[in-house]
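Only the coordinates and a few stated rules stand behind these numbers; no lab work does. The shown structure was predicted, so the numbers you read here are calculated from the model rather than taken from an experiment. Here the Cβ positions follow ideal geometry from the backbone for every residue, glycine too, while neighbour counts run over all protein chains shown.
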Amino acid sequence: MSKIHQAMRRAEQEGRVGSSFQTSKAPEIGRHKLAGAFDLARPDAVSPDAIKNAGIVTASSLAEVAARKTTLDSRLIAVNCDTYDALAERLRQIKTNAMAAGSEVTSILLTSAGIGEGKSLTAINQSIAIARMFDQRVLLVDGNFRHPSIHEFLGLSRYHGLSEFLQGSATAEQAITKTDLPNLFVVTAGAATETRTQLLNTRRMSDFLALIRQQFDWVFLDAPALIPAPDAELLSSFVDGIVLITGKRTQPSAVLEAMRLLRGKNVLGIVQNAERSD
C-alpha cells in the first residue's frame, strides 16, 4: 500500500475525511493525480532555525498529505468560465509588473466592505483559475473565522485547519490540505473559537504567512468583511496586496469607508461581483 493510501486511511479513521464527500449531490470536478512531494521546510526557501523558532512545523515534509476528494459547489465556475480566466490573467500581470519594479506580489488578501458580497466565491474561483491556467501552486487560506465557507464550497472537512494550527493543536502538515484539483492547496478555518481576533493578531499567524509565501506561487487569504470586524484590517498587514470585493448593492459610502480603513495599504484593485454568498 502506498504512503498516500496509508495517509488517506489514517485520515478516514481519525475523521479528518468526512462522509460529506459521498453524500453531497454537487457535481464532482477534477480527478487528478497528486503532485510531487511538497516540502514546507525547503532549505533554499526558509532556514531551519526560522522554522524551529516560529514553531510552525513538527514534520519535515508534507509528502504524505493525502489528496482530498473535491466536490465542487455548482457556483464554482472557474473550471469553465472565461470571466475568472481574465481575472487570473490580470492578477498574473500585476505580479509580473511588481517583480519588474523590484518587488513581488505573492500573497493577496480578499475582503469586502460588508457581508454578502460574494467574496469567498471570488477567492475560490480565482484560486482555481490561476492554478489551472498557469500550472502554479496556489494556497487558499480561510481566515474568516466569523463566517467560514471555503470548506463548504469545496466539500472538505472544516476541522484541523487554521484555528487548530494557531492554537498549537495541529501542525502545518495537518492544516494544509492538498485537494484533487491541480495545484490547489487549502487551509480551512478550523473549529469555531471565541478568541478569533486574538488568534489572528499573533506572531504565529504572521510567521505562518511569511513561510508559506515562500512555498507557494500564490497565497490567497479569504478575510472577513472590513465593516464592522477588525480582522481583515489587521490581516492586511501580513500580505503583499489587497483586493476589495463589492456587490451590486454595495453602497458607495461603504466602499469609501473600506478604503479609509485600508489607507496606506497596497490595494491592488476593486472587483464588482454579482454573486452574494458570504
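Please return the ranges of helices (runs of 4 or more DSSP H) entirely within region 143-201 where 1 or more residues are touching a Cys at 6+ places or on another chain (Cβ under 8 Å) and surrounded by fewer than 24 Cβ atoms within 10 Å (Cβ to Cβ). Lay out the reasoning, then the answer.
Details: elements: 150-154, 162-166, 172-175, 196-200.
Qualifying helices (runs of 4 or more DSSP H): none found.
For residues that are surrounded by fewer than 24 Cβ atoms within 10 Å (Cβ to Cβ) and touching a residue at least 60 places away in the same chain (Cβ under 8 Å), scanning just region 127-137, find the one that is farthest from the chain's Cα centre (by Cα). Can you show your working first?
Within region 127-137, the first condition is being surrounded by fewer than 24 Cβ atoms within 10 Å (Cβ to Cβ), and the residues that meet it are 132-137.
Filter once more, keeping what is touching a residue at least 60 places away in the same chain (Cβ under 8 Å): 134, 136-137.
Working: 134: 17, 136: 14, 137: 12 Å.
If we take residues in region 127-137 being surrounded by fewer than 24 Cβ atoms within 10 Å (Cβ to Cβ) and touching a residue at least 60 places away in the same chain (Cβ under 8 Å), then 134 is farthest from the chain's Cα centre (by Cα).
Looking only at region 247-278, count every residue that is of a type in the set (A, V, I, L, M) and in a loop (DSSP other than H, G, I, E, B) and tell me the total.
The initial filter retains those residues of region 247-278 that are of a type in the set (A, V, I, L, M), namely 254-256, 258-259, 261-262, 267-268, 270-271, 274.
Now narrow it down to the ones that are in a loop (DSSP other than H, G, I, E, B): 262, 274.
Adding up the residues that qualify gives 2.
Quick one: what pairs do we get from region 99-115, first residue in a loop (DSSP other than H, G, I, E, B), second of a type in the set (Asp, Glu) and surrounded by 13 or more Cβ atoms within 10 Å (Cβ to Cβ), C-beta under 9 Å, 6+ apart or different chains?
Within 9 Å, the pairs are 103/240; 104/240; 105/240; 106/217; 106/240; 113/257; 115/278.
So which of 244, 226 ends up being touching a residue at least 60 places away in the same chain (Cβ under 8 Å) and part of a loop (DSSP other than H, G, I, E, B)?
Values: 244 fails: part of a loop (DSSP other than H, G, I, E, B).
Result: 226 is the single residue among 244, 226 that is touching a residue at least 60 places away in the same chain (Cβ under 8 Å) and part of a loop (DSSP other than H, G, I, E, B).
Under 7 Å between Cβ atoms, at least 6 apart or on separate chains: pull out the pairs that start in region 159-170 with a residue that is touching a residue at least 24 places away in the same chain (Cβ under 8 Å) and of a type in the set (Gly, Ala, Ser) and end on any residue that is part of a loop (DSSP other than H, G, I, E, B) and surrounded by 23 or more Cβ atoms within 10 Å (Cβ to Cβ).
161/188; 161/189; 161/190; 163/145; 163/189; 163/190
The conditions are (1) crowded, with 22+ Cβ neighbours inside 10 Å; (2) outside any helix (DSSP H, G or I), and residue 232 fails exactly one of them. Which is it?
Condition (2) is where residue 232 drops out.
Could you check region 119-176 and list, in sequence order, the residues that are more than 20 Å from residue 208 (Cβ to Cβ) and acidic (Asp, Glu)?
Those that are more than 20 Å from residue 208 (Cβ to Cβ) and acidic (Asp, Glu): 135, 152.
Which ones in region 222-278 are within 18 Å of the chain's Cα centre (by Cα) and polar (S, T, N, Q)?
The answer is 236, 237, 277.
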